[in-house]
1. Which members of region 46-68 meet the condition of being at pLDDT below 80 and in a helix (DSSP H, G or I)?
2. At pLDDT below 75, in a loop (DSSP other than H, G, I, E, B) and not aliphatic (A, V, I, L, M): which single residue out of Lys28, Lys40 fits that description?
3. Can you list residue pairs whose Cβ atoms sit under 6 Å apart, with the first residue in region 10-24 being modelled with pLDDT of 80 or more and the second being basic (Lys, Arg) and not in a loop (DSSP other than H, G, I, E, B)? Count only pairs 6 or more apart in sequence or on different chains.
Amino acid sequence: MTISIGELQKNISIIKNAKEPIIVIDKKSKKRIAVIEPIKDNDLDLFEELMSFEKKIDREYSRKDFEKIYSSHLKAKYGLN
């Protein structure tokens with residue numbers, strides 16, 4: 001589903017009821033601004049884990065930090081070693 005920023009601001013319930021990813025575009029520049037994906041029940045564990053690690057203000061986080069948490073989540077989810 002593709003939606004403009006204005007539509008999203010007018011009707012935020014679109015996000016609550018989303019079943020598929022939503023692409024937010026800027027109508028003036030015709031550029032993609034964001035992709036919003038609905039959280040599935042089993043994704044909440046991953047979200048909680050991503051938000052729970054100790055954050056340090058002085059540190060920049062990289063893709064490796066995310067991949068480490070995400071791969072451990074997948075290993076636990078699918079029983080991989």
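1. Leu46, Phe47, Glu48, Glu49, Leu50, Met51, Ser52
2. Details: Lys28 fails: at pLDDT below 75.
Just one listed residue meets the conditions, Lys40.
3. Ile23/Arg32
The values are calculated or read from the model by the stated rules, or taken from the named source; none is laboratory data. Because the structure is a prediction, the values reported are computed rather than measured. Glycine gets a Cβ as well: all are built from the backbone with ideal geometry, and neighbour counts include every protein chain shown.
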